[in-house]
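Trainee: Structure below; questions to follow.
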Amino acid sequence: ISAVSGDLDQVVAKCLEKDRSRRYETVNGLARDLERFLANEPVLARPPSRRYRLRKFVDRNRAACLSTLLITLTVLVGFAVSTGMYLRENAALREQQRLRLVAEAARAAETRLREQAQARANVSKASLLLSQDKTAEADATLRQTPLNTIEPSREATEVFRTLGDWHLTQGRWNAAAECYLLLPLANRFITGEQIPNTGDMIRTAPVLLLAGMDAAYEAHRASLIERFADTTTLN
């Protein structure tokens, strides 16, 4: 039974069909179907489904199909391994980039703190030099670090104001404007009512115009209007 089951069973069933049109037309047709069976090819007695044809193809080419399957599995395993290695390497690179950014931020913060500490020391030294009427030395000392790194303080306010006035008397409008523009930051330590009494607003605006810093003048003007006046214009 096992020997005739499957394709031979279908061949025999086709030979015994009651309907003549469904049987083999000739003996040669039967013979060719038996030859197909012996060659492990699809027989005409069975419906030609894709699954059946594929199974017959695999039966005829077992070694090649097995080799193809092994190669495919090897490629897939290799792809999975290489993908995993790539993902791990990519994650390591991202972590390295993150650590580098953290290190750069830490170095930048350290540099900023060092500059601020040096700037505070320069402000104190400049203030001492001003008290000794050594204005030029005080200005040189203050400019050893960028002026915008100087933290607001009452001492810094007096230094900026004194050096700005000194540059003004020397006709150095840009240097005076640079000092005056930093006064609003330093003036955070005094109340808004006291600021007009310092004369800083009177100092800054004309010096900005004389220095040709029109954009800075407009920004200064708008800031004063917003902070000290209820009107929208200031002439």
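Trainee: When you look at Trp173, is it touching a Gly at 6+ places or on another chain (Cβ under 9 Å) and more than 30 Å from Ala108 (Cβ to Cβ), yes or no?
Mentor: Yes: the conditions hold for Trp173.
Trainee: Right, here's the next one. Any chance you could count how many residues in segment 143-171 are crowded, with 19+ Cβ neighbours inside 10 Å and within 20 Å of Val207 (Cα to Cα)?
Mentor: Residues meeting the conditions: 9.
Trainee: Which of the residues that make up segment 33-52 are open to solvent by 80 Å² or more (accessible area, probe 1.4 Å) and modelled with pLDDT of 80 or more? Can you show your working first?
Mentor: Pass one, segment 33-52, residues open to solvent by 80 Å² or more (accessible area, probe 1.4 Å): 35, 38, 44, 47-48, 50-51.
Glu35, Leu38, Arg50, Arg51, listed by residue number.
Trainee: Only one of these is at pLDDT below 80, open to solvent by 40 Å² or more (accessible area, probe 1.4 Å), among the acidic types (Asp, Glu) and farther than 18 Å from Gln116 by Cα: Asp214, Asp230, Asp200, Asp133. Name it.
Mentor: Of Asp214, Asp230, Asp200, Asp133, the one residue that is at pLDDT below 80, open to solvent by 40 Å² or more (accessible area, probe 1.4 Å), among the acidic types (Asp, Glu) and farther than 18 Å from Gln116 by Cα is Asp230.
Trainee: Got a number for residues in segment 23-74 being aliphatic (A, V, I, L, M) and not in a helix (DSSP H, G or I)?
Mentor: Residues meeting the conditions: 4.
Trainee: If the Cβ limit is 6 Å and pairs must be 6+ apart or interchain, which residue in segment 142-169 that is closer than 18 Å to Leu210 by Cα pairs with which residue that is open to solvent by less than 70 Å² (accessible area, probe 1.4 Å) and β-branched (Val, Ile, Thr)?
Mentor: From segment 142-169, the pairs are Trp166/Thr135.
Trainee: Go through segment 89-119 and give me each residue that's open to solvent by less than 90 Å² (accessible area, probe 1.4 Å) and of a type in the set (Asp, Glu).
Mentor: Glu95, Glu104, Glu115
Trainee: If you don't mind, there's one more thing I want to ask. Hey, any hits in segment 114-137 for a residue that's more than 34 Å from the chain's Cα centre (by Cα) and among the acidic types (Asp, Glu)?
Mentor: Checked segment 114-137: at least one residue is more than 34 Å from the chain's Cα centre (by Cα) and among the acidic types (Asp, Glu).
Trainee: Moving on. Mind telling me which of the residues Leu30, Leu16 ends up being loosely packed, with under 11 Cβ neighbours inside 10 Å and without any contact (Cβ under 8 Å) to a residue 60 or more places away in the chain?
Mentor: Numbers: Leu30 fails: loosely packed, with under 11 Cβ neighbours inside 10 Å.
From the options Leu30, Leu16, the qualifying one is Leu16.
Trainee: Moving to a separate point now. What are the residues in segment 53-83 that are open to solvent by less than 80 Å² (accessible area, probe 1.4 Å) and in contact with a Pro (Cβ under 6 Å, 6 or more places away or on another chain), if any?
Mentor: If the condition is that a residue be open to solvent by less than 80 Å² (accessible area, probe 1.4 Å) and in contact with a Pro (Cβ under 6 Å, 6 or more places away or on another chain), then Lys56 is the only one that fits.
The values are calculated or read from the model by the stated rules, or taken from the named source; none is laboratory data. Here the structure is a predicted model, which means the values were calculated and not measured. No Cβ is skipped: glycine too gets one built from the backbone with ideal geometry, and neighbour counts run over all protein chains shown. These area figures cover heavy atoms from the full protein model, side chains too; ligands, DNA and RNA do not enter into them. Shrake-Rupley method; radii C 1.70, N 1.55, O 1.52, S 1.80 Å.
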